[in-house]
Structures are given as C-alpha cells and as structure tokens.
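Chemist: Let me begin by handing over the structure; questions about it come next.
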There are 2 protein chains.
Amino acid sequence: MRRLLLATAVSFGLISSAHAVEGMWQPAQLPGIAATLQQHGLKLDPKTLADLTAYPLGAIVSLGGCTASFVSPAGLIVSNHHCVYGALQLNSTPENNLIEKGFLARTQGEELSAGPSSRVFVTEEIRDVTPAITAKLGASMDGAARHKAIEQAIKAEVKACESDGYRCDVYTFHGGYSYQLIKQLEIKDVRLVYAPPESIGKFGGDVDNWMWPRHTGDFGYLRAYVSKDGKSAAYAKDNVPYQPRHVLKVNAKGVEAGDYVMVTGYPGRTNRYRLADEVRSAIDYTYPTQIGVYQDTLDIINTAGKADPKVAVKYASMVAGLNNYLKNFGGQLEGLRRADAVAVKRTQEAELEAWLQKQGGAQNAALAADIGKLRTAIAAERADRERDLALGLVNRAALFSTGVRLVHLAKERPKADLDRDAGYQQRDWVRIEGGLKQLDRRFDPGVDQQFMVYGLTRYVKLPAAQRLPALDAWLDGASTPAQLKTKVAALYAGSQLDRQDDRLKWFAADSKAIDASSDSMLELARAVQPELKRIADAEDARAGDMSKLRPRYMQAMIAWKQSQGLPVYPDANSSLRVTFGNVQGVAPRDGVSYAPFTTVAGIVEKDTGVEPFNAPKAEIAAIKAKAFDGFASPKLGTLPVDFLADLDITGGNSGSPALDAHGQLVGLAFDGNWESVSGDWLFNPQLNRSIQVDVRYMLWVMHHLDHADNLLREMGVGLR
Amino acid sequence: MRRLLLATAVSFGLISSAHAVEGMWQPAQLPGIAATLQQHGLKLDPKTLADLTAYPLGAIVSLGGCTASFVSPAGLIVSNHHCVYGALQLNSTPENNLIEKGFLARTQGEELSAGPSSRVFVTEEIRDVTPAITAKLGASMDGAARHKAIEQAIKAEVKACESDGYRCDVYTFHGGYSYQLIKQLEIKDVRLVYAPPESIGKFGGDVDNWMWPRHTGDFGYLRAYVSKDGKSAAYAKDNVPYQPRHVLKVNAKGVEAGDYVMVTGYPGRTNRYRLADEVRSAIDYTYPTQIGVYQDTLDIINTAGKADPKVAVKYASMVAGLNNYLKNFGGQLEGLRRADAVAVKRTQEAELEAWLQKQGGAQNAALAADIGKLRTAIAAERADRERDLALGLVNRAALFSTGVRLVHLAKERPKADLDRDAGYQQRDWVRIEGGLKQLDRRFDPGVDQQFMVYGLTRYVKLPAAQRLPALDAWLDGASTPAQLKTKVAALYAGSQLDRQDDRLKWFAADSKAIDASSDSMLELARAVQPELKRIADAEDARAGDMSKLRPRYMQAMIAWKQSQGLPVYPDANSSLRVTFGNVQGVAPRDGVSYAPFTTVAGIVEKDTGVEPFNAPKAEIAAIKAKAFDGFASPKLGTLPVDFLADLDITGGNSGSPALDAHGQLVGLAFDGNWESVSGDWLFNPQLNRSIQVDVRYMLWVMHHLDHADNLLREMGVGLR
C-alpha cells in the first residue's frame, strides 16, 4: 500500500525528494535526532531546541486548546484568528461587530479584555515523575486499585507543585510508560490586540475547513498582562504587560518551497499506537455509528429550530460542532480506508511480535503475553461500547446530566479533597457552578427531552445484562418511542432544574437535602447515579489495567524500534512538542498536484462577495493593483497566502508558530489537509500536510489593509 | 481578466509554454494556417488535411451525434463507449447484460446489429452553395419572406443532391454568411463488434462526468456493412463489410506531454460569436431559470416515482438527462461568471465597432448600423423569452404536444412536399410515427398532467399581450394551481390520445376527420395550433431577420480579424472540423495543477467496488502486478489511462479520433474538463481542455483484459 501511494506521488515532479519525518517530538528527544534535523536543514544547534527556557521554545505558550507565541518584549502574542475568536465574540455587539469588522488597538489603552476565562500558559518546567508514580503501584494491585493509586499519586504531585499563579499537571506518556509533571505560569489577564476582519481571518469558512488550496488569513494578536509586581493576576486596569523570557524574531521574507520548517506547540491527542483491533472498531463501529447519531441529533435540532428561531440560536454552536465532527469523521473513514490502516497495523503488530519471539528470553515472552492481554482488554471494552454509547446519549439531555452531577457533587463534597472523585474536587467547583449558570443559554426543554428519548430508545435495545436496574425500574416497561416520550415528558414536568436559581440551590445543598427532594429529575438521578458511578468505577478499573498493559506494548515497540536505530515519539497529549520537515506540496491523488503555496490570485478566484468567500473590496483592489508593499515572494512573483509543509500536527497545534531553519517566525499552523484528518491514527508522509498562514500575508494584511504599523514596529518588522 | 487567469497558470511549472490555438477549423481553412499547424508540431502536409478524400479525413465518419473512424479495411469503426451504448442496450437482456459484461465478437458472424436506426455517415463532398441560396434573396424581403426563401432554396439543393443511399444537408455557417452542401453516404447496417464492460467504459459514471482527473476507458467498436454490390442497405445477413477509402493507422506508442495532437470530428454547436447581451441573458435568465425549471421537473418526477416505481422507470432517461443538464448549466454559469464573459464580449464588441469607425466609409458605417439592428433584434427576442419558456413547458406535456403535432401534420399533408413546414415533410413521417408508437414507454398520465399544470402556472403569469386567446378561452379564467389542476384533469379524462392505436389512427387521418373529433385534447389542439403556428411563423420571420444581421456582424468580425492577420473559424454546426494543439495539463485554480495524463494507479485509488467505481477485479490485479504487456509509457513509467490536450471540442466530438503529428490514432476524445463546459461561449486557452482516452489503455484493455487480439490484428497492432 505504501509503495502504491509512493508511486502515485512519483508521477509528478513537484514533490520534494526529502522524505517527511513523522513525529511530534518531545523537546528533550531532539538532540538525539540531531543529524536528521540538520539533514532537513535546521541551522540552530538542536540542543537549544531541548531547552524550554531558551530561544525559541521560551517564546511558545499555550492558550489552553490553542498554541501561541510571544512576539514582543511587551507580551504581545500571535496566534490563529480562530483562537482569538472567543475574545472577538465577547467584545462584539450587533452594533459593533468585531468579528465582522476586525479590531485593532492603536495603543495598549485600547486593548480589550479577552474575558475572565482567557488564559495564557507559559511552560516553565517539565520534570519526569515516573518513579514517584510507579513507586505507589504494587504488582498485585487490581485495575481499580491501580487506577486509584495512580490518581492519588498524580494529585499529590500536582498539589506539591501548584502555587499561586502556577498550574501543574501530570501528563501521561505512552499510556503510562512515563509521567511528566508540567508547571506552567497561568496568566489570567489576556487582552485582545488585533484581528483582521472575518472575511480575511475566516475566509473560506467551513467550506474550506481541512481543505487545500486554502486562502485563509488565520491570525490574530493578544497581549498577556500581569500585576505590577510581575505575578499572575485577574484582569485589572493597572496590570502591566508581561515580559516574556524570549520573543520570536520575525523573518519577514518567509520561506520558499523545500525550505526547512518546524512547528512547536501543544498537539492535543493522537492514536498512533492503537492496535489494529482498535482501528477496525473505529472504522466499523465508532465513526459510522457516530455519524448516524450526529445526523439524527442535527435532525432533532434543525426541526425544532425551524419551528422556533430562538431554539436555533441556542443550539447554533452545537450544530456547528456536530457538522464539524461529521465532516471530520467522514475524513477519518475515508483516510483510514484509503490507507488500509487495519492491514498496516496488523502487519506492524505481527512484525513486532515476530521480533519479540526471535529475541527470545522470559522478558520478551512476558511482553508478548501482555500484548495478548491488551488485545483481550480491548475486546472487553468493545463488548460494552453500545451500552456506553446509549448512556452517553441519555446523558446528552442536559437536565438529566445536571441532576446526576448535583447528586454526585453532594456526595463528594463532604470528603477530603484528595479523596474526591476526579472532576469533583474543589478546583472543579467554579467550573461546575459556571456550567449550572450558563445552562439556560444552550438549553431548550423540548429539544432536551427529545435527546433523552433518543438515548433511551437506544438504551431499551440493550441486552438485559447491560441494563441499569434503577433506570429500568423508572422506565417501568416503557419501550416504544411513544411510551418513552410520555415518560420523559412527565419527568421534565415534575422538575424545576430548568430554573437557574433552583440548580444553584441544589449546587449548595448537601446529600440529605437532595435525598429529601421530590423533584422528579433529582429522584431519578438519585436512583441512577450509583449505577452510573459503578460503571464509571468499572471503567476506571479497566483504565487501571490499561495503564499497565499499554506501557508494556510501548516498551516492546520502543525496544523493537531501538533495535532498528529509530526513536519513538509519544502520542500527542497536549504537552509541548516539536515537528519538523520541509515546505512542500502534495499529490493527493493520481493526476492532481497541489503547490506548496497559495497566492493572492486565489482570493480573487474564490471571491463571490458572499460569506465565507467575501474578501474585503480593498483587498481585491490591492491584489489587482499588485500593491504588495515589498512583501511578495520574488520566487513566486506574487504574494503568498498559505503554505503546506510535511509536518506532523493535530488539534491543539492551532496557532503554533512555524519557524525557519534559524527558529524565526515564518507563519502560523492552523489546519491540516483533508488527507491528514486520519493522520491522528496513521501518519502518511506522502499525503499528510500541515497548513500554515504565511508571515508575508500576515504582515501585508496588517500593513496594507489594516494599518497595524504600531504592531509591526513593536515586532521589529521593518517596512520597505 | 485574461491576464489574471494567465498569471494563475504561470505559478506552476507544468503548463506548456505553447499557447492553445482556439478554433474548430473547417478542413479547407487549414492550408491557410499551415505555419501555425507546423509550429505546434504537425508533420503532415497541411494541404492533405483539407482533402476529405485523403488520409486522414477520409477515415473519419459521423454516427449522428457522435464521431468515429475507420480502423480497418473491413469497415471496423472505433468510437466512444457512450456512442455504442445504445447498441449494447438494444442487445442486452436482464439475463445477458452486455452493458455490464461488455461484448466481444470473435468473428464477424458473432457481431450484433446495432439496430435499424443506427447510422454511419461518410462525408464524401462539401460544396459551397452560398451563391445558390443568396440568389433567391431580395434586399426588400421581410424576415418571413427571407426565411421562407432560404428554407426553400435549401430544400431544393437537398433534393437535387440526395440519391439512393446518400443523405444531403445544407449547413449554415456564421449564421448565414455562407452555406455548404454536405453529401454523406448513409450506411444503415451497423453492427456491434466490441465494448469493454461498463466498469471500464463508464468508470466514474456521472460522478466523474466533465471532471478531471478521469479514468474512463470510453471506447468501443462497430462495423459498417453494405450490400454485396457496395451500396447502402438496411441490415441483411448477407451484407458485407464496407471498404472505406482510408483507414487510420494506430500509433500504439501514443503521445507524451507536449506532443502535437489534433482531433477531427463533428462538433455540434457553439455560441462563440454571440453578443454580450446574449451572454448576459444566458447568465441572468436562461441558465438560472432553466436550473429552477429542471429542479421542479425532477421534483415532480421523483415524487411520482417514489409512489410508483414503474413511473420512475418511464422517466429514468429524462431524469438522467435533466441531471446532466443541471450539472452542465451549473458549470456554464460558473465558467461564464469566472471568465467575466459579458465584459470580455462587451470589450470585443467595442473594439470591433471602434475599428469599423476608424476604417470609415459607407460600407463600414452600414455594417455598424446592422450590428445595432442585431442588438435590437436580440432585445426583442429577450422580450418574448418568458412566453416562449412557458409555452415550451406546456408543450412538455406529451399528450398536448402530440395533439398539436397531429393537427399540424394533417394540415401539412395535403401540400406539395416542398411547401410543407420543416419537420412535417415526407422524410419526417417515419420519425413522427415512431414517436407516436414509442410514447407509452416514456409517458405516465399523472406526471404528464403535472407537467401541463406546471407550464400553465407559468403561462397564466404572462402579461395579457403575450397570451394566446384560444388557450385563454379554454382556460376560462382558471389561474390558481388548484383550478389549473382540475382543468387539466378534465382535459386528460376526455382524451384517448394516451392509447397508441388512437394516436396512430389520427396520424393517418385528414384534417376533416380531426376537426370532427370530440377528443378533448384534439379540440384544444385544434384551437391552439394556429396560434402556436403564428408564434412559430413570427419566430421564423425573426430568424429570417437574423439570417441577414448575424452574417453582417460576422462580416465585420472577419474583416477586423483579417486586418490583424487572424483567420476566423465558424461556430460549430455539426459539420466536419479539425482542432489542433498539444498534450498538456492545466492549472484549474490557484495552487492546483492537473497532470496531462492519468495513470492506472488512479483506478486503484478510486475503486470502491461500487458502481460507478467498480473496476473489474482482474484489472485491479493486473495493475497491482504491473502486467502492462509493453503498453506502458516509458516516460510515465506506468500505463496511462486518459490525457488532456488544449483542443477546442464540444458535444458531437464524442468518439473523435485524436491524431498525432503524423495523423495516426493516439486516442479518442470523449469529454472536456469542468472549466471547458462554458467554452461553448468563450474558449479559454488557459483553462479549457479536451479529455481523451489513451490508445495505450485501449489496446491494453483489449489485449490483457478482454483478449480481443482478433481486433488488434485487424487494426495492424503488433503485440510485444
């Protein structure tokens, strides 16, 4: 298969002969692959890339879900437009729509708060805590005990690390092969500095999402503020700009085809080391099933939304999310099938196991046996997947899940914080309360009831052994959609949880008060919560088993790869990573070749005047006049917009800086091509490409269209 | 605009620097552009290309709607799979589905009749008859008289030319600037020789229609038979293969990127010399309106078809046609808008008129004045377009149009044949009778009534001046959809025209009998037909005016181009043409480049096992085994499937041979790319490409998959 894909790519002359280097590398791994880095063109000493406190990693921050970087000594931060979108939304009114118009603060005084929940996380320390965690684990522990022990050891590490203004987390690598404590400065005063209009920042919108050729100017600027004494502090007028340790230098000349480029950031999650059985389950069950469920959910919302526009508004963001996932899942399926991913994984596993056998020895035999156990555990997980799906769907009914959460919280509250279930510790309470407050904004009782009926319709089809006695007792034999509808309607009629003050009352109440309540939803939640908790505990126990078995698989994998002289990068887990490669196009299929750069000519081609292809008139005019102010690429003979590279990125990398061979800023990663959607499971060096907005386009838009010369000066960009 | 598109193409290296030569040239024009032909790579003497009786044009034939060529001295003909599709359909049964399985006659005895209406037309003579036609025209004639005079002059020419086994037609060039009499041998015994299975011949189906990259093996073979004495004759078992004057030589090595290539064939119709106002009308009215009408029509059929599958079967071919047009119209709109076609035409007209003015003189002033009159006539046509559309839609009701046709025929029949209206002459009767017989196969009374109601709903919105008194009288005030529905239901209830024997009875009847009939549809038809005839006559009169004005515009255009040293080719009119250029890819939009060749790797990529992407398993296996039997391209390193060239083709060119610099067969044209759909109005050398199936793929499929070595030997193809 690989060979076939290779042959496809070879039929074109455009593809660089440099092979992509798959991998989201931990900074500490980079000196170990120094030769490869240099072979691809890195001019920096690879050792400096391992140092979080040195240039350039010292300039990279997380926004929590997005990546960003400092680009001025006064805490100016650049990231994607879609990462500053929330800040634009928060500061927009129908009369003054910043999303539509864009925004530029000409002075620091004009900057707008990005909201109390906006964060900038500056990673200051990464420390291996594997010994501290594994020391707590006994060989004889069962899954539940193991899970509990790990959870508590992690909580203890976090507690010992966290101090005012700092947030600590233990990240699990290779499914438990190692644990690393990551300490981050948590900056809480984040301000909106600049964003182009949506017609540039989101040009192409959902139509072009995951697509190439792309012409999106997906960039925007924030600024980090701290108290006058340099500490993390909530928004206050007299806070001062944070002074970062390092600031990315901007290379206003950008990169050209074939040049070295790397992306540093916080990729969220990949499944690169899943077993063939898991990939098959995703292809045969998970994605197709979820596609069906999401379409049904959209039908429910759209029908209700047509009848009442207010309902449509409440679920607009859910609809956008569902559509986004639908497109993504379609891409996953297409990519996994096209890559014959199950067969690839199957072959890899067979080779690994053959190697173990060839090595011989008790240790390798034990590893092989554990891989067998991992397969068994995965099969057991699969046996419960339909139950888990059905309960998950019932839980999508917000009033039901709220009831269960209130019951659960009241039970955890009396415990010592370290003994509380994850998600119910004191640090989680603000989030829970916020959720209870905000529920009204995304809740319609009619739709919510339909969600519950939909989930129950699936639930009642489960075999007896998988069902919840308390839920069955409440159902009292109801099984047809009409019966379920009646049942749920009565449930909602007897509950006041749709009232915010009522929810907040129960948030503050103890179990005794909740037990005494005659609210129908709380009554159901009281009955069902222990059974849901039992299932959650069983899942924890399984996770405990997995935390033993997956590392064994990875141990075998690492040994095998080591025998071939190959390093192994861990799956993405939202920790800081580096991926490197070269600017290059792609031949996505026979007869088709994509250039590494798009140019402004494509904006004129795509422009229809109608969102999402409504480029600003001034931009169209400037492009036609070739008014590129010295930012055009001499090689391309015009101004580039976005570019492709063979980098290994995923969600969470949004906003990550693309750096050249000297570590200077040449763009921002913001998406992958369609073929890379399934890259989370299997990276295909021939087809997977990251998409970056080109620094030259960013600077041109800022200077020529939005006159943000104050920022260009602050970033040290000279104007020609 | 042109410059902008050019810039887009230039950003890639794949595009040949040779500029396309727009033009569907009359063979006689080719010696006049010999230098250009040779510059593009032609090695033949351009003079031989002007000779219909010489090689290669002597080998080119028309199938009536498709083009084909002789490839053996025993009358073997190659054309597209979709051009032999009807013959496959005719010979298929549910038990023996030749479309699905393909067909190969291993001997001439096994060949199957392609049906009594199959034809092969061999052009034997093209003669300019302009003087003979124009001699009949007086300067003072009004439009009606002029139209009549032209029609009669043409009829006379045809009559004088036609003899047993020969068909003659007068073709109008440049809207009446010249007339040419074309004499063709009409071969009536056509037999099916070979076609690959549909999974090759129609691989990609409607999904890939008009698309690139393409992987369709769109080819098939027929054989022409004549009586033993060499004359045209209907199918008879002891007919013998026709011996063509010339036979194309096959170049089994094919062509490579950049090579000279030309396509000879019978393009149907283009609108290259329409005025800006006409293009605007197409963009603003015709295409969008027809898209709406076609969608409504599909809704009517689909709703009825869901309720009754038999109805779906009856309208399946109409549905396929409507969907095909919908896709096409979408492409027209997209292409015309993207090319800013109205502005391009407007500029061209302004330049032409400026040139006329600069030349000065009474003759040029008269030309300019006539261009003004042409614009006025076009505006008048536009004023009636909504009426013409509404009546056309009413006429889509087959029972209504049948009634009108029967009434009309009965009136024409008593006249001398030359005086009969076009379409009602003796030569047309067989066709009319056939239509009356076959009506049942594609007629459902419920759907037909809905068609009539749909058309009437549009008709009743017309202003009073545009309405038909007789139709209004029948409507008797009915105007709401419900009223129209009742009216039409009563009309159909009172008619027997839905019975074949009844229709055939009236076909044989005279006007007196029809006038006496109390069939409700015939009554309506009797009343309305004179008014429809009046409109048709007015249209003829307008056509008569146009036949005076369009040639004047073309006269100016030709003079203007001549002043620049440029020849002018006429719009396509189903007469034999030659288009030439080079094998080359295309950059359809910013960032995207299409290779000139697709390869068999793409078949494996597209294969899903499900129609239309269900390549034969044997083919997939052969591709994976690289069993190309010497047919692979050394340059590509694999077997090509289809290729692009910058040739100027349109519908009717299907099956046209693609010839190399020496006039040898290297492929068959079968489609254009998406961007060329609007090329019928405006040829864009940067974007428009013809799509050919590669001769190497044809030969490989024939040899390796279908073992048609008998045909390869007959064509003189040596096997390696």
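The values are calculated or read from the model by the stated rules, or taken from the named source; none is laboratory data. Please read all numbers here as calculations on a predicted model, not as lab measurements. Cβ atoms come from the backbone with ideal geometry, glycine included; neighbour counts cover every protein chain shown. Ligands, DNA and RNA are stripped out before the accessible areas are found, and what is left, the full protein with its side chains, is counted by its heavy atoms. Shrake-Rupley method; radii C 1.70, N 1.55, O 1.52, S 1.80 Å.
Chemist: Give me the distance in nm between label points sitting 7 Å out from Cα along the Cα-to-Cβ direction at B:Asp515 and A:Leu462, one decimal.
Modeler: For B:Asp515 paired with A:Leu462, the spin-label model returns 8.4 nm.
Chemist: List, in order, the whole-Hz ³J(HN,Hα) value for each residue of the stretch B:44-57 obtained from phi through the Karplus relation with A = 6.51, B = -1.76, C = 1.60 and θ = phi - 60°; use x for Gly and Pro.
Modeler: Values per residue, Gly and Pro as x: 6, 6, x, 4, 5, 6, 8, 9, 5, 9, 9, 6, x, 4 Hz.
Chemist: What percent does the relative contact order of the stretch A:222-299 come to when contacts are Cα pairs within less than 8 Å and at least six residues apart?
Modeler: Relative contact order comes out at 15 percent.
Chemist: Would you work out the relative contact order for the stretch B:391-564, in percent, from Cα pairs under 8 angstrom that are 6 or more residues apart?
Modeler: Taking the mean separation of contacting Cα pairs over the length of the stretch B:391-564, I get 32 percent.
Chemist: How large is the dipole of the stretch B:391-564 about the Cα centre if only Lys and Arg carry +1 and Asp and Glu carry -1, each at its Cβ, rounded to the nearest 20 debye?
Modeler: Details: 28 positive and 23 negative charges, 134 e Å.
Here the stretch B:391-564 has a charge dipole of around 640 debye.
Chemist: Short version: which residues of the stretch A:572-603 lose at least 50 Å² of accessible area, all chains versus chain alone, 1.4 Å probe?
Modeler: The answer is A:Asp590, A:Gly591.
Chemist: List the residues whose amide H sits under 5 Å from the amide H of B:Ala587, counting only those 5 or more places along or on another chain, with H placed 1.01 Å from N in the peptide plane.
Modeler: HN-HN under 5 Å from B:Ala587: B:Tyr594.
Chemist: Per residue, how big is the convex hull around the C-alpha atoms of the stretch B:391-564? Give it to me in cubic angstrom, could you?
Modeler: Looking at the stretch B:391-564, the number lands at 164 Å³ per residue.
Chemist: Moving on to the next point. Please list, in order along the stretch B:308-319, the HN-Hα scalar couplings obtained from phi with the Karplus expression 6.51 cos²θ - 1.76 cosθ + 1.60 (θ = phi - 60°), rounded to whole Hz, x for Gly and Pro.
Modeler: 9, x, 5, 5, 4, 4, 4, 9, 4, 6, 5, 4
Chemist: At a 1.4 Å probe, what is the % contribution of carbon and sulfur to the accessible area of the stretch B:391-564?
Modeler: 53
Chemist: Can you list the distances in nanometres, one decimal and ascending, from the A:Ala354 label point to the identical position in each other copy, with the point 7 Å along Cα to Cβ?
Modeler: Result for A:Ala354, in nm, nearest copy first: 7.5.
Chemist: Oh, and also: To confirm my reading of the symmetry, which residue of chain B has the Cβ nearest the axis that brings B onto A, and what whole-Å distance does it have?
Modeler: Here the value is B:Ser593, 2.
Chemist: For A:Gln363 paired with B:Gln555, estimate the spin-label separation in nm (one decimal), with each label point 7 Å from Cα along the Cα-to-Cβ line.
Modeler: Here the answer is 9.9 nm between the modelled labels.
Chemist: Can you list the copy-to-copy distances for A:Ala482, using a point 7 angstrom from Cα toward Cβ, in nanometres, shortest first?
Modeler: For A:Ala482, the inter-copy label distances come out at 3.1 nm.
Chemist: On the Cα set of the stretch A:228-333, report Rg and Dmax in Å, please.
Modeler: Gyration radius and largest Cα-Cα distance of the stretch A:228-333: 22.8, 57 Å.
Chemist: Efficiency by 1/(1 + (r/R0)^6): what FRET value for B:Ser140 and B:Ala234, r their Cβ-Cβ distance, R0 = 45 Å, to the nearest 0.05?
Modeler: Details: r = 48 Å, r/R0 = 1.06.
The computed FRET efficiency comes out at 0.40.
Chemist: Spelling out what I want: for every residue of the stretch B:70-77, take phi, set θ = phi - 60°, compute 6.51 cos²θ - 1.76 cosθ + 1.60 (Karplus), and round to whole Hz; glycine and proline get x.
Modeler: 6, 10, 8, x, 9, x, 6, 10
Chemist: Estimate the FRET efficiency between A:Asp51 and A:Lys373 by the formula 1/(1 + (r/R0)^6), using the beta-carbon distance for r and 41 Å for R0, to the nearest 0.05.
Modeler: Numbers: r = 40 Å, r/R0 = 0.96.
My answer for the efficiency is 0.55.
Chemist: In addition: Using only helices, what value at 222 nm comes out for chain A when you add -39,500 (n - 2.57) per DSSP H run of length 4 or more and divide by the total residues, to the nearest 500 deg cm²/dmol?
Modeler: Per the formula, -13500 deg cm²/dmol.
Chemist: Moving on to the next point. Tell me, in nm to one decimal, what length is gained between A:Asp709 and A:Glu256 on full extension, where the rule is 0.36 nm per residue of separation less the Cα-Cα distance? Walk me through the numbers on the way to the answer.
Modeler: Numbers: separation 453, 0.36 × 453 = 163.08 nm, distance 2.50 nm.
Value of the extension gain: 160.6 nm.
Chemist: With +1 assigned to the C-beta of every Lys and Arg and -1 to the C-beta of every Asp and Glu, and no other charges, what is the dipole magnitude of chain B about the Cα centre in debye, to the nearest 20? Numbers along the way, then the final one.
Modeler: Values: 83 positive and 83 negative charges, 123 e Å.
For this selection, approximately 580 debye.
Chemist: Percent of accessible area on the stretch A:145-278 owned by carbon and sulfur, 1.4 Å probe?
Modeler: 47
Chemist: What per residue convex hull volume, in Å³, comes out for the stretch B:571-720 when only alpha-carbon positions are used?
Modeler: In the stretch B:571-720, the Cα hull volume divided by residue count equals 146 Å³.
Chemist: For chain A, evaluate the Debye formula with one uniform point scatterer on each Cα (no solvent term) and list log10 I(q)/I(0) at q = 0.08, 0.09, 0.11 Å⁻¹, rounded to two decimals.
Modeler: -0.70, -0.90, -1.37
Chemist: Do you know the relative contact order of chain B, to the nearest whole percent, from alpha carbon pairs under 8 angstrom that are 6+ apart?
Modeler: Details: 1335 pairs, mean separation 180.4, N = 720.
Relative contact order for chain B comes out at 25 percent.
Chemist: Could you work out Rg/(2.2 N^0.38 Å) for the protein assembly as shown, with Rg from alpha carbons only?
Modeler: Values: Rg = 37.4 Å, N = 1440, 2.2 N^0.38 = 34.9 Å.
Here the Cα radius of gyration is 1.07 times the empirical estimate.
Chemist: Could you calculate the FRET efficiency of A:Thr107 with A:Ala160 from 1/(1 + (r/R0)^6), where r is the beta carbon distance between them and R0 is 45 Å, rounded to 0.05? Before the final figure, lay out each step's value.
Modeler: On the way: r = 42 Å, r/R0 = 0.94.
The formula returns an efficiency of 0.60 here.
Chemist: If the label for B:Glu162 sits 7 angstrom from Cα along the Cα-to-Cβ line, what are its distances to the same label in every other copy, in nm to one decimal, shortest first?
Modeler: When each copy's label point is compared with this one, the spacings are 9.5 nm.
Chemist: Taking H as built 1.01 Å from N, whose amide H comes closer than 5 Å to the amide H of B:Gly651, not counting residues under 5 places away?
Modeler: Amide H to amide H, under 5 Å and 5 or more residues apart or across chains, B:Gly651 pairs with B:Gly268, B:Arg269.
Chemist: Extension gain A:Glu124-A:Glu531, at 0.36 nm per residue separation less the Cα-Cα distance, in nm?
Modeler: Gain on extension, A:Glu124 to A:Glu531, equals 142.3 nm.
Chemist: How much length would be gained if the chain were fully extended between A:Gln243 and A:Ala422, taking 0.36 nm per residue of separation minus their Cα-Cα distance, in nm to one decimal?
Modeler: Working: separation 179, 0.36 × 179 = 64.44 nm, distance 3.47 nm.
Taking 0.36 nm per residue and subtracting the Cα distance, the gain is 61.0 nm.
Chemist: Another question, then. Ignoring ligands, DNA and RNA, how much accessible area is buried between chains A and B, both sides summed, with a 1.4 Å probe, to the nearest 100 Å²?
Modeler: The A and B chains share an interface burying roughly 1800 Å².
Chemist: Still on this structure: Would you grab the residues whose amide H sits under 5 Å from the one on B:Gly258? Only those 5+ places off in sequence or on another chain, please, with H modelled 1.01 Å from N.
Modeler: Here B:Val583, B:Gln584 satisfy the definition.
Chemist: Can you pull the one-decimal nm distance between simple spin-label points at A:Arg382 and B:Asn324, each 7 Å off the Cα toward Cβ?
Modeler: Here the modelled spin labels are 4.7 nm apart.
Chemist: Hey, what's chain B come to in accessible area per residue, 1.4 Å probe, Å²?
Modeler: Ligands and nucleic acids excluded, the result is 40 Å² per residue.
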